Amino acid sequence: MSSTEQGVKKAADLLRQGATMLSDACPQCGLPLFRLKNGNVVCPNHGKIYLVKSDEEENKVRKNITMDQVEDILINNLYYFSSKVKEDPNDVDSVMQIIRYLDAIERIRKVK
Ligand SMILES: [Zn+2]
């Protein structure tokens, strides 16, 4: 029996024991990982696995997504006020808003 076949057999055993299949794959053999009822994550071939995805990394990803969303909102508002200035070039309030949004976008890009 090949190691892949063994892995598949073990994976079936894990499922029977109530483990859930995860979307992550084992970095060494590529088989799907399983979460046991006790919370441990295991590879059918390699046993217990410590996922590379740490909380810190997850926070970083979440932070980037938030920053991107904020930037999108700022850019949308920037478009809105630029169209107002296009209609009325003397609309000083809108010009001030554009400057504020540009400043905010620049700041958020520095943080990213
Ligand atoms: Zn593995």
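The values are calculated or read from the model by the stated rules, or taken from the named source; none is laboratory data. Given the structure is predicted, the values throughout are model-derived calculations rather than measurements. Cβ coordinates were reconstructed from backbone atoms using ideal geometry, including for glycine residues, and neighbour counts include every protein chain displayed.
Being of a type in the set (F, W, Y), over 26 Å from K110 (Cβ atoms) and outside any loop (DSSP other than H, G, I, E, B), is that true of even one residue in segment 43-57? Within segment 43-57 (the criterion being of a type in the set (F, W, Y), over 26 Å from K110 (Cβ atoms) and outside any loop (DSSP other than H, G, I, E, B)), the answer is no, since none of the residues qualifies.
Test of understanding: among K63, K10, which residue is basic (K, R) and in the same structural domain as A104 (by TED's automatic domain parsing)?
Unique residue meeting the criteria: K63.
For segment 81-94, the criterion of being surrounded by 15 or more Cβ atoms within 10 Å (Cβ to Cβ), hydrophobic (A, V, I, L, M, F, W, C) and farther than 30 Å from V8 by Cα is satisfied by at least one residue.
Right, N45: touching a Cys at 6+ places or on another chain (Cβ under 7 Å) and within 16 Å of the ligand (Cβ to nearest atom) or not? Spelling it out, N45 is indeed touching a Cys at 6+ places or on another chain (Cβ under 7 Å) and within 16 Å of the ligand (Cβ to nearest atom). Scanning segment 66-89 for residues that are over 22 Å from the mean Cα position of the chain (by Cα), part of a helix (DSSP H, G or I) and not hydrophobic (A, V, I, L, M, F, W, C) yields N76, N77, Y79, Y80, S82, S83, K84, K86, E87.
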